[in-house]
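Since every read-out is calculated from the coordinates, none of them should be taken as a lab result. Computed from a predicted model, the values in this text were never measured in an experiment. Cβ: placed from backbone, ideal geometry, glycine included. Neighbour counts: every protein chain shown.
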Amino acid sequence: MKIHECQAKELFRRFDIPVPEGLEAGSVDEAREAARKLSVGRIVVKAQIHAGGRGKGGGVKVVEGADAAAAAAEGMLGKPLITHQTGPEGQIVRRLLVEAASPIKQEIYVGLTVDRALGRPVLMVSPSGGMDIEEVADKTPELIFKEAVDPRFGLLPFQGRNLARKLGFGPALQRSAITIFSNVYKLFLALDASLVEINPLVITQDDQLLVLDAKINFDDNALYRHKDIKELEDPFEVDPLELEASKFGLNYIRLDGNIGAMVNGAGLAMATMDLIKQAGAEPANFLDVGGGANAETIGQGFRIILSDERVKAILINIFGGILRLDVLAKGVVEAANTVKVEVPIIVRLEGTNVEEGRRILAGSGLTFEVAKDLKEAADKVAALVRN
Ligand code: ADP
Ligand code: MG
């Protein structure tokens, strides 16, 4: 799960990580009011969307005074902001962060994430922060410094000092940096984050370290431990079908193709997507209904696939193990009775109660085409969307 910069900065405050004074605004008037309250000369108005590259896309404006802040807000609110991370249609700006502008001496990159190869959290820093860190990683990887953290001991002070030295910091900045790094690690661990990114962490004109941009991603599988974090989720930033699917515990991810796939088990779902692609077509979604699915969740999954207007054909590929195929068939038929099915459906069923499942589908009055195996199912469904 992702959150907005202003929310991440609020969490940083809780962990004593220094952020500028700022207020959230949802309208032009609120932005003007926020700028007045800040009582500083230079103000930054920042679009809150779940994508980076806002600065380059016109979503970060430094202005002078409350009226200018209101004008900047007017220019952003309700309009799509296009950055290299949003896709060509952009993301509508609904919220703003109005914060004190800081005079900047240097922009630094700080990131903490789990390195899967090492099986450890890795803290990364670079003196070339601010701009595209991907480009730095690509062209000048020697400017990125890393320390892997042994989770038994946590981030040790000498590791923070190593990184601060590599950044060229003198003693005073080293001390502040060590504290910030250590607090970032504490936050990462305590909140079950999968990524904490500060880009930029800046050295201000008066030689203080300050976080100007903040990003936190959370491990979805641990969110049940953080009800307060879960509440921070902004439904406008989540695909509506994915949001709907999550209510029923379905693992659904929307993709760009036109073949809706309903599969049980993440491995089988991945294999099904591979076969659809191999057959020359593109999946519209990843959907793992899970082993313990009942008729209702199956029905909800089917309904969600059908409500994706890009879906031109559906492939149901279920291996009945724990999930019995008569239960699956009932769920599909019930869902098909409540929503209109206007696209062809190919079914491949194997496993527990397969005969009963096929009988229910055959007697339902719905038109299904049954495939004898996975390859045939994928070929058939791909041929359907080609024609
Ligand atoms: P993004 O990463 O989405 O482009 P940032 O929050 O990093 O957005 O802002 C882009 C740039 O704007 C920063 O690299 C920094 O130079 C400048 N900036 C952002 N916030 C402030 C601030 N409070 N004071 C001064 N400059 C800022
Ligand atoms: Mg940034």
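Just round it to a whole percent: the fraction of Cα-Cα distances in segment 303-387 exceeding 21 Å. Provide the component values of the computation, followed by the final result.
Details: 937 of 3570 pairs.
Value for segment 303-387 (Cα pairs over 21 Å): 26 percent.
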Compute the relative contact order of segment 4-155 as a whole-number percentage, counting only Cα pairs closer than 8 Å that sit 6 or more residues apart in sequence.
-> 20 percent
Would you look at the GNM of the chain, springs on alpha carbons closer than 10 Å, and say which of GLN48, GLN208, GLN278 moves the most?
-> GLN278
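About the Cα centre of the chain, how large is the charge dipole given +1 on each Lys and Arg Cβ and -1 on each Asp and Glu Cβ? Please answer in debye to the nearest 20.
I would put it at about 480 debye.
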Note, ³J(HN,Hα) from phi for segment 262-271, Karplus 6.51, -1.76, 1.60, rounded to Hz, x at Gly and Pro | 10, 9, 10, x, 5, x, 5, 5, 5, 4
Amide proton proximity set for GLY129, modelled H, under 5 Å, gap of 5+ = GLU107, ILE108, TYR109
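Semi-axes of the equivalent ellipsoid of segment 144-277: what are they in whole Å, largest first, if each equals the square root of 5 times a C-alpha gyration tensor eigenvalue?
Values: eigenvalues 314, 58, 48 Å².
Values for segment 144-277, descending: 40, 17, 16 Å.
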Roughly how many nanometres apart are two label points built 7 Å out from the Cα toward the Cβ at GLU64 and ASP132?
-> 3.3 nm
Working from the alpha-carbon coordinates of segment 33-87, get Rg over Rh, Rh being the Kirkwood radius.
-> 1.00
Could you work out the helix-only [θ] at 222 nm for the chain, with each DSSP H run of four or more residues adding -39,500 (n - 2.57) and the total divided by the number of residues, to the nearest 500 deg cm²/dmol?
-> -11000 deg cm²/dmol
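Among the DSSP beta bridges whose two residues both lie in the chain, what percent are antiparallel, rounded to the nearest 5?
Numbers: 47 of 64 bridges.
That works out to approximately 75 percent antiparallel.
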Counting every C-alpha pair in segment 1-159, the percent lying more than 24 Å apart is 44 percent
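Going by C-beta contacts inside 10 Å, put VAL202, VAL354, VAL45 in order with the fewest on the left.
Numbers: VAL202 22, VAL354 18, VAL45 28.
Ordered by Cβ neighbours within 10 Å, fewest first: VAL354, VAL202, VAL45.
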Report the one residue of GLY260, LEU11, PRO157 whose Cα lies farthest in the direction of the positive end of the charge dipole of the chain (charges on C-beta: Lys and Arg +1, Asp and Glu -1; origin at the Cα centre).
-> PRO157
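Find the relative contact order for the chain and round it to a whole percent, using C-alpha pairs within less than 8 Å whose residues are 6+ positions apart.
On the way: 778 pairs, mean separation 46.2, N = 387.
Relative contact order here is 12 percent.
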Sort TYR224, TYR109 so that the residue with the fewest other Cβ atoms within 10 Å of its own Cβ comes first and the one with the most comes last.
-> TYR224, TYR109
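Once you have the Kirkwood Rh of segment 239-386 from its Cα pairs, apply Stokes-Einstein at 37 °C and 0.692 mPa s and quote D in µm²/s.
On the way: Rh = 14.6 Å.
So the translational diffusion coefficient is about 224 µm²/s.
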Please arrange ASP206, ASP192 by counting, for each residue, the other beta carbons lying within 10 Å of its beta carbon, fewest first.
-> ASP206, ASP192
Ellipsoid semi-axes in whole angstrom, largest first, where each is sqrt(5λ) of the Cα gyration tensor of the chain = 48, 25, 18
For the charge dipole of the chain, defined by +1 on Lys and Arg C-beta atoms and -1 on Asp and Glu C-beta atoms about the Cα centroid, which residue among ILE49, ALA335, GLY301 has the Cα displaced farthest towards the positive pole?
-> ILE49
By how many degrees, 0 to 90 and rounded to 10, does the Cα axis of helix 325-338 deviate from the longest principal axis of the chain?
-> 80 degrees
Which lysines does LYS312 reach when only Cα atoms under 20 Å apart count, and residues fewer than 8 places away in its own chain are ignored?
-> LYS277, LYS340, LYS375, LYS380
